[in-house]
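Values quoted throughout were computed directly from the atomic coordinates according to the rules given, and no laboratory measurement underlies them. Since the model is a prediction, treat every value here as computed from it, not as a measurement. Here the Cβ is made from the backbone with ideal geometry for all residues, glycine too, and neighbour counts use every protein chain on show.
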Amino acid sequence: MLFPEPLQPATLLRRYKRFLADVRLPDGSEITIHCPNSGSMLGCGDPGLAVMLSRAANPSRKYPHTLEMVKVGATWVGVNTALTNRLVREALENGLFPELGRILVIRPEVKVGNSRLDFRLETDQGITWVEVKNCSLAVGATALFPDAVTERGTRHLRELLTLHQSGQRAAIIFCVQREDTVSFSPAAAIDPLYAATLNEVIAQGVLALAGRTSISPTAITLDHRLPVFAKQLIVSDPRH
């Protein structure tokens, strides 16, 4: 996925009210921007970090700029969760997850039970339901999800298990928007219930898949697979 226009560099001053951030532009001016991430952005929201912004084509938007990525150490980390499903769809179309079979039709945002899951795939192996999670947190070379307690995420896992038990296929895909990782694990120290539930649904047949992006200020592509180590949990708390 190419960005349609060059991203603009800035320095993060603060993030607040979940969806707003203040940044300093290279000319020294300060602006408020849209932060399209409802998570805690643990490890990616510290003042002073270098960031990249996009500018909306709509001139009437209240906050024209959007936070796209943050530089953590030597690595750019994608924090715009509005892009996650698009990245995963491209990866599905490019065959990054062959376990899902040959995909014939991709239907996004389909309501099922008490949830709305991200994709309903029609494949040569039948219907497969897919939920997608964006991952921006890492400890060492291990990508972690979630970065805050997520009751909604646990509910999605339960929905996937129910679908699997009804005879349909179900999968969760973790989209890791950073290049400095070699594996994925649930963040048990942050949300032990989510980690335990992920282990449970995997044991009963729900697929857990992870992919890592190639990311730069010009493009993001979900093009590398990561192994999922659900039982080898990161138990040290990355918040401390």
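Can you give the FRET efficiency for Ile31 and Gln165, using 1/(1 + (r/R0)^6), R0 = 45 Å, r = Cβ-Cβ distance, to the nearest 0.05?
0.35
Most exposed first by the Cβ proxy, i.e. fewest other Cβ within 10 Å, how do Thr197, Thr128 rank?
Thr197, Thr128
What ranking of Ser166, Ser183 emerges when the number of other C-beta atoms within 10 Å of each C-beta is taken as an exposure proxy, fewest first?
So the residues, fewest neighbours to most, are Ser166, Ser183.
Can you work out ³J(HN,Hα) from phi for every residue in the stretch 206-212, in order, using Karplus 6.51 cos²θ - 1.76 cosθ + 1.60 and θ = phi - 60°, giving whole Hz and x for Gly and Pro?
6, 6, 10, 10, 9, x, 10
Kirkwood-based Rg over Rh for the chain (C-alpha set), two decimals?
Looking at the chain, the ratio lands at 0.97.
Using modelled amide H (1.01 Å from N, peptide plane; none on Pro or chain starts), what sits under 5 Å from the amide H of Gln125, excluding residues fewer than 5 places away?
So Gln125 has HN proximity to Arg102.
Within 10 Å of each candidate Cβ there may be at most 10 other Cβ atoms; applying that plus a DSSP loop requirement, which trypsin sites (Lys or Arg not before Pro) in the stretch 41-91 survive?
Counting only loop positions with at most 10 other Cβ atoms within 10 Å, the trypsin sites (Lys or Arg not before Pro) in the stretch 41-91 are Lys62.
Hand me the tally of lysine pairs in the chain: alpha carbons under 27 angstrom apart, and the pair either on different chains or 8 or more positions apart.
Lysine pair count for the chain: 7.
Which of Leu137, Leu13, Leu222 moves the most in a Gaussian network model of the chain with Cα springs under 10 Å?
Taking springs between Cα atoms under 10 Å, the residue moving most is Leu13.
What FRET efficiency do you get for Ala74 and Arg116 if R0 is 45 Å and r is their Cβ-Cβ distance, rounded to the nearest 0.05?
That gives a FRET efficiency of 0.75.
For the stretch 79-197, report the % of Cα-Cα distances exceeding 24 Å.
Tail of P(r) above 24 Å: 26 percent of Cα pairs.
Quick check: from the Cα gyration tensor, does the stretch 1-90 come out rounded (a/c under 1.5), prolate or oblate?
rounded
So how far, in whole Å, is the C-alpha centre of the stretch 107-129 from the one of the stretch 1-37?
What the calculation gives is 34 Å, centre to centre.
Can you show me the helix-derived [θ] at 222 nm for the chain, built from DSSP H runs with n ≥ 4 at -39,500 (n - 2.57) apiece and divided by the number of residues, rounded to the nearest 500.
Taking each H run of at least 4 residues, the total per residue is -5000 deg cm²/dmol.
Pull out a ≥ b ≥ c, the square roots of the eigenvalues of the alpha-carbon gyration tensor of the stretch 87-150, then state rounded if a/c is under 1.5, prolate if not and a/b is larger than b/c, and oblate in the remaining case.
oblate
Taking 0.36 nm per residue of separation and subtracting the Cα-Cα distance, what length does fully extending Asn58 through Arg14 add?
Taking 0.36 nm per residue and subtracting the Cα distance, the gain is 13.4 nm.
From the phi angles alone, apply the Karplus equation (6.51, -1.76, 1.60; θ = phi - 60°) to the stretch 118-129 and give each ³J(HN,Hα) in whole Hz, x where the residue is Gly or Pro.
Going residue by residue, I get 6, 9, 10, 9, 9, 10, 6, 10, x, 6, 10, 9 Hz, with x marking Gly and Pro.
Checking understanding here: applying a Kyte-Doolittle mean of at least 0.5 and a length along the axis of at least 15 Å (C-alpha), which whole DSSP H helices in the chain pass?
192-203
When the Karplus curve 6.51 cos²θ - 1.76 cosθ + 1.60 is applied with θ = phi - 60°, which whole-Hz ³J(HN,Hα) does each residue of the stretch 2-9 get, with x for Gly and Pro?
Once rounded to whole Hz, the list reads 8, 6, x, 9, x, 6, 10, x.
With contacts defined as alpha carbon pairs under 8 Å and 6 or more residues apart, what's the relative contact order of the chain in percent?
Once normalised by length, the contact order is 16 percent.
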